[in-house]
1. Could you list the residues of the stretch 79-120 with an amide nitrogen less than 13 Å from a label point located 7 Å from the Cα of residue 161 in the Cα-to-C-beta direction?
2. If you count only protein heavy atoms with a 1.4 Å probe, what accessible area per residue comes out for the stretch 65-242, rounded to a whole Å²?
3. Could you rank 201, 163 by how accessible they are, 1.4 Å probe, largest area first?
4. Taking all protein chains in place and a 1.4 Å probe, what share, in percent, of the accessible surface of the stretch 127-217 do carbon and sulfur account for?
5. Please list, by residue number, every one of the trypsin sites (Lys or Arg not before Pro) in the stretch 125-179 that is coil in DSSP and has at most 14 other beta-carbon atoms within 10 Å.
6. Evaluate the distance, in nm, between pseudo-label points positioned 7 Å from the Cα of residue 171 and of residue 141 along their respective Cα→Cβ axes.
7. Work out Dmax and Rg for the stretch 65-242 from the C-alpha atoms and quote the Rg first, both in angstrom.
8. With a cap of 15 neighbouring Cβ atoms within 10 Å, and only residues DSSP puts in a loop, list the trypsin sites (Lys or Arg not before Pro) found in the stretch 76-115.
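The values are calculated or read from the model by the stated rules, or taken from the named source; none is laboratory data. Since we're looking at a predicted model, the values are computed, not measured. Glycine also receives a Cβ, built like all others from the backbone with ideal geometry; neighbour counts cover every protein chain displayed. Accessible surface is based on the protein model in full, side chains and every heavy atom, while ligands, DNA and RNA are left aside. Shrake-Rupley method; radii C 1.70, N 1.55, O 1.52, S 1.80 Å.
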Amino acid sequence: MAKHALLLFSLLALVGCHSQTSMVQTLPPPSLGAPRIAQRQAPVAPRVTTPTPTHSSPSATVAGVPRDWIPNASPRPWRWIVIHHSATTSGGAAAFDKMHRQKGWDELGYHFVIGNGTDTRDGQIEVGPRWPKQKWGAHAKTPDNRYNDYGIGICLVGNFDVDRPTAAQMRSLSKLVAYLMRTYHIPASRVLGHGDTKPTDCPGHHMNVAAVRRMATQILADSGVQVEPETQAAAAELSPNSSRP
Ligand SMILES: [Zn+2]
């Protein structure tokens, strides 16, 4: 019965969208609570079973980088790279995607996740579902939202208040950061820890963002990529917040 009533209501509502407004006006105001909940819950099952993050495979490379690092969508004018830790001992893009959806977010808030050998290989770089769409991030909220709008969010799995990132994670992070700096013309001074954007412990005091800047800049120099003067200058003037041990 309830199903029939809902169907009837839906039909009336549909009709109302077009022309028969007078008929709709005679109806009691619709209860928006029930349909909203139904709409929100309905997509959960297929979303969870859909493997949204893609996995970098060494065999699928273009010009030395994994194919899935190169988005099909037109590039967003990225201005920052923001590094996070997950503050968990284990995890991966799929687990964090689920967590973020449970918080009511649209999908995984980071653009990339770097594994620690728990859910994914140590140092494995997963590309989140936002990246191919070149979609704004949901990882570094500030009043003007600039770091979400134009910041590439990279999360390393681990709690770096307690543990250190693995050597493989740091190598992968530096390689990814170097690629992003080069491709989107982001100077080293705009490679930030989450804590450089607002007061937060993330990415943990064992994550040395200054070292990441140096390693990425070195990778670019070693690969013969012309490091822009702005980038060199920026690397020299590291912000005091980032010179963590
Ligand atoms: Zn963070």
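1. Of the residues in the stretch 79-120, 85-89 have backbone N under 13 Å from the label point off residue 161.
2. Ligands and nucleic acids excluded, the figure is 43 Å² per residue.
3. From most exposed to least exposed: 201, 163.
4. 53
5. Filter output for the stretch 125-179: 141.
6. 3.8
7. Final numbers for Rg and Dmax: 14.9, 44 Å.
8. 103
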